[in-house]
Structures are given as C-alpha cells and as structure tokens.
1. If you check residue 482 against the conditions, is it over 30 Å from residue 309 (Cβ atoms) and either within 34 Å of the chain's Cα centre (by Cα) or not in a strand (DSSP E or B) (or both)?
2. Mind listing whichever residues of the range 187-204 are surrounded by fewer than 18 Cβ atoms within 10 Å (Cβ to Cβ) and out of contact with any helix residue (DSSP H, G or I) (no Cβ under 9 Å at 6 or more places or on another chain)?
3. In the set 143, 138, which member is within 30 Å of residue 296 (Cβ to Cβ), touching a residue at least 60 places away in the same chain (Cβ under 8 Å) and over 55 Å from the mean Cα position of the chain (by Cα)?
4. Those residues that are closer than 30 Å to residue 518 by Cβ and touching a residue at least 40 places away in the same chain (Cβ under 8 Å), I need them from the range 455-491; list them, please.
5. Please enumerate the residues belonging to the range 59-116 that are in contact with a helix residue (DSSP H, G or I) (Cβ under 8 Å, 6 or more places away or on another chain), surrounded by 13 or more Cβ atoms within 10 Å (Cβ to Cβ) and within 18 Å of residue 35 (Cα to Cα).
6. Could you list, in sequence order, all residues of the range 269-297 that are over 36 Å from the mean Cα position of the chain (by Cα) and within 28 Å of residue 129 (Cα to Cα)?
7. Answer with yes or no whether residue 210 is modelled with pLDDT under 95 and assigned to a loop (DSSP other than H, G, I, E, B).
8. In contact with a strand residue (DSSP E or B) (Cβ under 8 Å, 6 or more places away or on another chain) and at positive phi: which single residue out of 587, 583 fits that description?
C-alpha cells in the first residue's frame with residue numbers, strides 16, 4: 001500500500017532510498033509535476049530523459065516523468081523549482097515495495113502569486129530576479145477585512161516598510177481545486193536584492209475566521225532566481241579622442257531567458273538601447289557605465305563598470321579609392337594605416353545597407369555597388385591593440401555611374417563566305433572610348449560602321465562590349481549570324497583534244513541545289529549558262545571560268561578548266577628532274593589524245609629502264625628502280641596504237 005498525498009502538499013526537494021534487498025531487480029521513480037517545472041526537474045543532478053516525460057492526459061498543466069533507478073542500493077535526491085508528488089517502487093521475483101518519497105504539509109488557506117512588471121511574453125511568472133520590479137499577490141481562503149503586509153521582517157526586499165490596508169480592494173476571485181480564493185495586491189512594485197526564497201508574513205482578518213481575534217497569519221513565498229547575465233567588454237584603449245566600443249555579452253541560463261531589449265546609461269545622462277554601444281566621452285577621468293538587459297519574462301540583468309578615459313589622440317586616418325566608379329565595377333579601398341606586426345590592427349569599412357567588411361590582415365578591401373548614385377558615404381575606421389585609436393572617417397564617393405548599353409545592327413545583302421558584312425550602331429561615337437568586338441572567328445576594336453567578311457560558312461555569335469568615356473563598361477550584347485555555304489564548284493579536268501574536235505566540259509557542283517551557271521569566256525561554247533556545255537576551240541588553248549550562284553542564298557563558287565587543242569605530237573628532248581617544281585618530269589601533253597600509247601625508255605646500254613601505258617597520268621620522273629639517273633641521254637620509243645599504228649623514236653636528255 002502506498003500513501004498518496006495531494007499535489008498541493010508536494011515537495012521541491014526530497015531524499016529517498018532505492019532498495020535491493022530480497023532480490024529487488026527493478027526500481028522505478030514516478031513524478032507528477034507542473035509542466036512548467038520540467039526544465040528544472042533533476043534526479044541526482046541530472047535531467048530526465050525527454051522520452052520518459054509525458055503530458056498528463058486529464059490535466060495538460062501537469063506532466064508525468066518516469067526514471068529507472070539503476071545500480072546498487074542507495075540514497076537519491078529529487079529536486080525541482082516547482083512542487084512535485086513522487087513515488088518509488090521496486091519489483092523482484094520474491095518481493096516488491098513502494099512508498100511516497102515525501103510530502104510537505106502546507107497551509108492551503110493561502111497561495112502566492114507574482115507578476116513581473118516588465119513581462120512581455122504574457123505567461124504566468126513562477127519566479128522573479130534581483131532588481132526586477134514585481135507585483136505581489138495574496139490568494140486568501142477568506143474575504144479580508146484588513147491585511148497587514150510585514151515587509152520589515154523580510155531582509156533584501158525594497159521597499160521594506162510594513163503596510164496595513166483596511167477594506168483592501170479585491171482584485172478577483174479564483175477557484176483552485178474547487179475552493180474559492182480571494183486575490184489581493186498592493187498597487188506598487190517591489191524588488192529583491194539577491195537570489196533566494198523569500199517568505200513574506202501576512203496577517204489578515206476576516207469575520208469568518210473561527211478564532212478569538214478572527215485573524216490568520218500566512219506566508220507568501222517568492223522565488224528569486226539569478227537574472228539574465230549582463231556583461232560587456234570595452235575596446236582596449238580609452239582615449240579622449242576615441243569612440244569607445246562597448247560590446248554586450250549575454251547568454252541564456254538553462255533556456256530560462258529570451259532577451260527582448262537592452263539599455264546603456266552613461267554618466268552624462270545619455271542612453272542607448274542597442275545590444276552594443278559606441279560612445280565618445282567629452283572629459284577625461286573615471287566614468288560609470290551601466291548596462292541592463294531585459295528578458296521577455298520581465299527579469300533584468302544589470303551591471304556597472306567604471307572606465308578611465310585618458311588624454312590622447314590617435315593617428316590621422318584617411319582612405320584612397322581606386323578603380324572605375326561604375327555600377328557593379330570593383331573598387332579598391334585602401335587605408336592610410338598600414339599593417340604593423342608589433343601593434344596588430346583591425347580595419348573596418350562600412351558601405352551601408354549592412355555591408356560591413358572587417359580585416360585583421362590587410363589595410364585594403366574591394367567592393368562593388370549594385371546601383372548608381374551620387375554622394376555615397378563609406379565609413380572607415382581602424383583599431384590598434386595598443387595606443388589611442390584614430391577617429392572614424394566618412395568619405396563620400398561623388399558619383400557611381402550607370403554602365404552604358406551596347407547595341408549594333410548587322411547589314412548584309414548576301415551572307416556568304418568572303419562577302420562583306422556591315423556593322424552599324426546607333427550609339428554616339430563621341431560617348432564611347434572603346435569598342436570590343438568578338439566575331440566568333442576573331443576579335444576587333446573597329447568603330448562602326450565597318451565591314452568584315454567571314455571566310456567560312458557556319459553559325460557565328462557576334463558580341464559587343466563598349467567602354468564609355470568615364471571608363472564604365474557595358475554588358476555584352478550578342479547577335480547570331482548564319483553564313484551560308486558557297487557551292488563547291490569543280491570545272492572538271494584540263495583536257496587535250498585534237499584540233500577541230502569538240503569536248504564536253506565535265507563540271508560538277510555540290511551539294512545538289514538550285515543554281516545558275518555562267519561560263520567566261522563564252523567563246524567556242526555551245527552554251528555559257530549550262531553546267532556541262534560543249535567546247536570546240538580553234539588552234540589555241542582556252543581557259544574557262546565557271547561561276548555558280550545559289551538562287552536561294554546568292555552565294556557563289558568558281559573554278560577554272562583549260563582546253564588545249566593539239567595539232568601534232570610534240571615530244572620534248574630534255575627535262576630537269578631536280579625537284580625545283582619546273583620540268584621535273586618528262587611531260588608529253590599530246591599523249592593525252594592517245595591513252596593506249598606505250599612509251600619505253602632505254603639507257604645507253606640498251607637496258608629498258610621505263611615503260612608505261614596511259615603516259616599522261618604516269619610521266620617518267622628520271623628514276624630507275626627508285627634511283628634518280630645521272631645526267632645522260634636516253635633512247636625512247638613511242639607506239640601510239642592508233643589506227644595508223646604511228647611509231648616514234650628518238651632521244652631525251654636528263655640535264656643536271
């Protein structure tokens with residue numbers, strides 16, 4: 001059997017014993033506590049596993065925490081800043097046990113309540129903090145005719161004078177566990193000097209109190225916890241010429257505080273309400289600086305430090321700015337304070353809009369402005385490890401220019417290889433310092449208008465970037481251009497024909513398309529506008545040029561062919577095979593008319609050293625078995641194998 005006690009008679013600190021006698025195998029601790037007390041609930045100084053904490057199914061204001069007690073038999077401690085009700089029980093094969101870990105008999109004729117005056121989170125306060133203004137509330141079981149607040153008996157409370165209130169005004173009534181309580185307060189704030197648990201005696205009278213003087217004495221309990229930590233650091237040197245930097249340092253304590261505001265108070269009566277502060281003092285000597293932090297539950301953290309301002313001045317600070325002052329261009333900002341290994345420096349640049357650059361290694365930085373404007377302020381400062389600090393300076397950039405916009409037009413009647421393509425622009429040439437072109441197959445800096453051909457067909461992207469007279473550059477602007485392919489023209493092979501005969505010109509064009517043709521000269525041709533006309537030349541060679549035009553793109557292609565009339569067979573008597581590109585082979589042009597002719601060559605000993613048929617395609621190069629023959633005279637025979645069976649014999653000389 002386990003005695004159960006009401007939560008109103010709960011405890012905040014209990015010692016209990018976990019047993020192992022008679023083979024107890026498992027020990028468990030069950031705790032019922034206000035949900036707001038869970039963060040401070042500890043077993044032997046350790047928090048409960050969140051997995052083993054559940055909200056009470058019938059009253060969400062309470063939670064149930066469970067812990068298994070392991071290890072040898074021994075004493076354990078359960079603590080919380082809110083009252084709890086707990087049981088310990090053990091299970092074994094032979095035996096089991098269980099008991100209430102303890103209760104605290106409270107006078108249920110009164111309850112305490114506080115409200116931090118500066119609370120902004122709207123939650124009920126369960127504690128206050130030192131130096132924090134707080135209102136005190138007494139919840140009494142009977143309607144009071146008079147209340148005596150005995151503050152003089154409470155060390156550390158302010159104000160501490162007793163207060164007697166006859167016919168106190170009722171704030172409200174509350175029902176707690178089915179019983180009506182009457183709520184009273186004093187219309188003033190109180191503060192406590194230090195953390196602790198304070199008991200405030202109250203004596204109140206009521207006509208329904210059943211004792212001789214109809215008076216009851218109760219105590220209000222107020223829990224005061226350490227406030228939110230408030231501290232600050234100060235820049236190293238405190239010179240009269242310096243702007244002193246105060247950096248607030250704050251931290252949470254077990255998640256109790258959410259910081260909501262800050263307040264700096266200086267001894268000249270000025271104040272600042274930011275987390276960090278900057279202050280330039282007008283006089284030397286000691287100055288008190290007070291820093292307060294405010295949590296959203298109304299608790300205050302407070303600290304005061306005394307600083308000593310000395311007489312001194314730091315070096316003069318200046319800054320140079322280099323680079324094109326254009327939108328999105330990179331500017332370099334260089335401080336006049338140079339690095340010094342013996343006195344490390346930190347440089348600061350503030351470009352506005354929260355864009356701050358800090359460097360501990362270089363006295364220069366870069367920045368680009370995303371918008372154009374005038375009189376743009378840039379703040380700059382530097383701090384040293386030792387010595388007085390220079391003043392913060394502000395340099396106004398007179399103007400950040402907008403970037404120019406590039407544009408151009410492509411003009412061409414035929415987009416073909418080798419044809420001129422014209423480029424024009426509506427931009428005033430006087431406003432542009434430099435034109436930077438990329439044609440996809442080369443670059444240039446020509447001022448428009450100008451013309452430029454493309455050597456090959458294909459798709460090209462032409463881009464232009466301009467730089468105006470103040471040095472600002474444009475974004476690239478591009479246009480695509482397609483250069484159509486020219487027809488590939490082959491006028492055919494050169495031909496040798498007999499005098500007074502005709503031949504067809506074997507010209508070809510690729511790819512297949514819709515073309516027009518024009519031969520020049522048109523002399524001796526059956527047609528000058530067909531692809532394969534018939535040529536009947538007289539006695540002299542004629543070179544014809546064929547120009548082919550694509551009827552769709554108007555691109556043209558050209559090639560030439562020579563027709564050579566031959567009246568008789570001319571056989572050269574010498575040649576010079578010395579690889580100079582002239583007469584390196586024994587060419588006999590007239591043999592083109594006799595494809596079946598056989599040419600044979602013999603050396604002075606009658607040895608045949610060369611013989612071939614279709615000589616026009618395989619003329620003798622003066623070699624025998626791959627070896628160049630020396631300068632000498634050789635005998636040749638030529639059998640034409642024509643209808644007349646003509647035969648020629650003679651000599652040919654290799655000249656070295």
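The values are calculated or read from the model by the stated rules, or taken from the named source; none is laboratory data. Keep in mind the model is a prediction, meaning the values are calculated, not measured. So basically every Cβ, Gly included, is an ideal-geometry build from the backbone, and we count neighbours across all protein chains shown.
1. Taking the combined requirement at face value, the residue does not satisfy it.
2. Answer for the range 187-204, where residues must be surrounded by fewer than 18 Cβ atoms within 10 Å (Cβ to Cβ) and out of contact with any helix residue (DSSP H, G or I) (no Cβ under 9 Å at 6 or more places or on another chain): 187, 188, 189, 193, 194, 195, 196, 197, 203.
3. Checking each option against the conditions leaves just 138.
4. Result: 457, 481, 482, 483, 484, 485, 486, 487, 488, 489, 490, 491.
5. Scanning the range 59-116 gives 62, 63, 65, 66, 67, 79, 80, 81, 82, 83, 84, 85.
6. Selection gives 269, 270, 271, 287, 288, 289, 290, 291, 292, 297.
7. Criteria met by residue 210.
8. 583
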